[in-house]
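Working notes, structure below.
The values are calculated or read from the model by the stated rules, or taken from the named source; none is laboratory data. All values reported here derive from a predicted model rather than from experimental measurement. Methodologically, a virtual Cβ is constructed for each residue, glycine included, from the backbone with ideal geometry; neighbour enumeration extends over all protein chains shown.
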Amino acid sequence: MDDHFNYQNKQLHVERVALADIAALQGTPCYVYSRAALTSGFRQFSDALQGRDHLICYAVKANSNLAILNVFARLGAGFDIVSGGELQRVLAAGGDARKVVFSGVGKTVAELRMALEADILCFNVESAAELDRLNEVAGSMGKVAAISLRVNPDVDAKTHPYISTGLKQNKFGVAYTEAVALYRKAHAMPILRITGMDCHIGSQLTETSPFIAAVEKVLVLVDALAAEGIALEHLDLGGGLGICYQDETPPAIADYIAALLGALQGRTQKLILEPGRVLVGNAGVLLTRVEYIKPGEEKNFAIVDAAMNDLMRPALYDAYHDILPVVRETENDTLPQAREGTNAKSPSVFEIVGPICETGDFIGHARELAIAPSSLLAVMSAGAYGMSMSSNYNTRPRAAEVMVDGDQVYLVRERETVQQLIAGEKIIA
């Protein structure tokens, strides 16, 4: 649990606010973020990089709420985007386009034009075809595009296969063996200006060794390019540092940075990093309320008002999130006692499931909890890839989002309504 989420007088708090009070005010399901946790994570990166020319580009895909982007922008962050929509979010949140790097394998002509008009820092090009397209679009606009190639180093990130991005069978990046030739091609294009090299091998990494292996392979290419007169201004080593969801032991941010800087000893290029999950994952929780307790022959089900449309990670990756009672009965007991007159088994092992009509709609398996209808639960470590991956499946309006700053509570996204969901639809005559 992040230090900014803790029990005080038997109630789970975020900073100095009881989560139960937020649920009473905004309803459930509801995402709640700690501004202090966001700030602390970013400053751990910036402190560890003091004395080194660097840019910390927050990976917008992890959580793209404008309030979160604005917190990072005020701290001096750059941004790693993967769509034109994310660029518009960054600009709307007060981000600096000159601190934006644009990644992603499928950039459209419209997105390239938008980014060129905004004058972003760099395009992380992921294929020869994209290089040709960017050259054509920039030429038609009379612009010069700053580029790096995202190189796929074929390094095993030792993470879930769905979030591993640095193997040669993955769709991301330029093949390691083809990178130098493609740099030569780009170097001959006057519309393109080579500024760096990019590498990102995956997400939720819990060891430094894959990062270092990727850096070492990248540096071989850097030296090969330098020998041909192609000098690089920056090295973008991506993101991917993991967090603790259950029992993982990822390195501390300072240790991760120290390992990278050790591998880069003697290199003077500007260092760009793209942290996402590690900045926001443990800075947010999803509040949900128990609707029904449903005993079964083989399993007991706690049916809550949050579902796979609110938090897709368990259904998509079989991901684990800790689930805690918002109110507990004793200081030492993590389980609240069931109230008399309810149909709860107290305590018991429950499948925590949502109301969506899919067997895969679950939040957690086999959780020992003493709960009853109306009990509040906090799904922990939900700040990354929670709201940003949410949907309206089963015509479910998306959750409200709240940010807490000390003892102040701010609604940073209103709960959607069904009327908003159907407003753009038309019935034909």
Selection within segment 393-429 - surrounded by 14 or more Cβ atoms within 10 Å (Cβ to Cβ) and not aliphatic (A, V, I, L, M) = Tyr393, Asn394, Arg396, Pro397, Arg398, Glu401, Asp405, Arg413, Arg415, Glu416
Considering segment 174-193, residues that are part of a strand (DSSP E or B) and crowded, with 19+ Cβ neighbours inside 10 Å, and then whichever is modelled with the lowest pLDDT, we arrive at Val174
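Residue-wise test of (1) within 29 Å of His234 (Cβ to Cβ); (2) of a type in the set (Lys, Arg); (3) free of Cβ contacts under 8 Å to residues at least 12 places away in the same chain.
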position	(1), (2), (3)
Pro250	yes, no, no
Leu261	yes, no, no
Glu274	yes, no, no
Leu279	yes, no, no
Gly296	no, no, yes
Met308	no, no, no
Met312	no, no, no
Ala315	no, no, no
Could you list, in sequence order, all residues of segment 378-404 that are among the charged types (D, E, K, R) and more than 22 Å from Ile243 (Cα to Cα)?
-> Arg396, Arg398
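This table checks each residue for (1) free of Cβ contacts under 8 Å to residues at least 40 places away in the same chain; (2) among the small types (Gly, Ala, Ser).
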{"position": "Arg193", "(1), (2)": "no, no"}
{"position": "Phe211", "(1), (2)": "no, no"}
{"position": "Ala214", "(1), (2)": "no, yes"}
{"position": "Glu233", "(1), (2)": "yes, no"}
{"position": "Gly242", "(1), (2)": "no, yes"}
Which residues, counting only those in segment 305-318, are outside any helix (DSSP H, G or I) and at pLDDT 95 or above?
-> Asp305, Ala306, Ala307, Met308, Asn309, Asp310, Leu311, Met312
Can you find a residue in segment 257-270 that is in the same structural domain as Leu219 (by TED's automatic domain parsing), under 21 Å from the mean Cα position of the chain (by Cα) and under 26 Å from Met389 (Cβ atoms)?
-> no
Looking at segment 209-236, which of its residues are within 23 Å of Thr249 (Cα to Cα) and either aromatic (Phe, Trp, Tyr) or touching a Leu at 6+ places or on another chain (Cβ under 8 Å) (or both)?
-> Phe211, Ile212, Ala214, Val215
Segment 92-114, subset hydrophobic (A, V, I, L, M, F, W, C) and closer than 15 Å to Ser148 by Cα, residue surrounded by the fewest Cβ atoms within 10 Å (Cβ to Cβ) | Val105
Those residues of segment 172-208 which are basic (Lys, Arg) and touching a Ser or Thr at 6+ places or on another chain (Cβ under 8 Å) amount to none
Among all residue pairs at least 6 apart or on different chains, which show Cβ distances below 7 Å where the first residue, located in segment 18-42, is in contact (Cβ under 8 Å) with a residue 60 or more places away in the chain and the second is crowded, with 24+ Cβ neighbours inside 10 Å and among the hydroxyl-bearing types (Ser, Thr, Tyr)?
-> Thr28/Thr288; Pro29/Thr288
The strands (runs of 3 or more DSSP E) lying entirely within segment 41-105 that contain at least 3 residues which are touching a Leu at 6+ places or on another chain (Cβ under 8 Å) and over 20 Å from Gly202 (Cα atoms) are none
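Matching residues to (1) at pLDDT below 95; (2) of a type in the set (A, V, I, L, M); (3) over 30 Å from Asn135 (Cβ atoms):
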| residue | (1), (2), (3) |
| --- | --- |
| Leu38 | no, yes, yes |
| Gln44 | no, no, yes |
| Ile81 | no, yes, no |
| Ala93 | no, yes, yes |
| Val109 | no, yes, no |
| Asp119 | no, no, no |
| Cys122 | no, no, no |
Okay, strands (runs of 3 or more DSSP E) sitting entirely in segment 348-426 with 3 or more residues that are closer than 18 Å to Tyr320 by Cα, I get 348-353, 362-369, 376-379
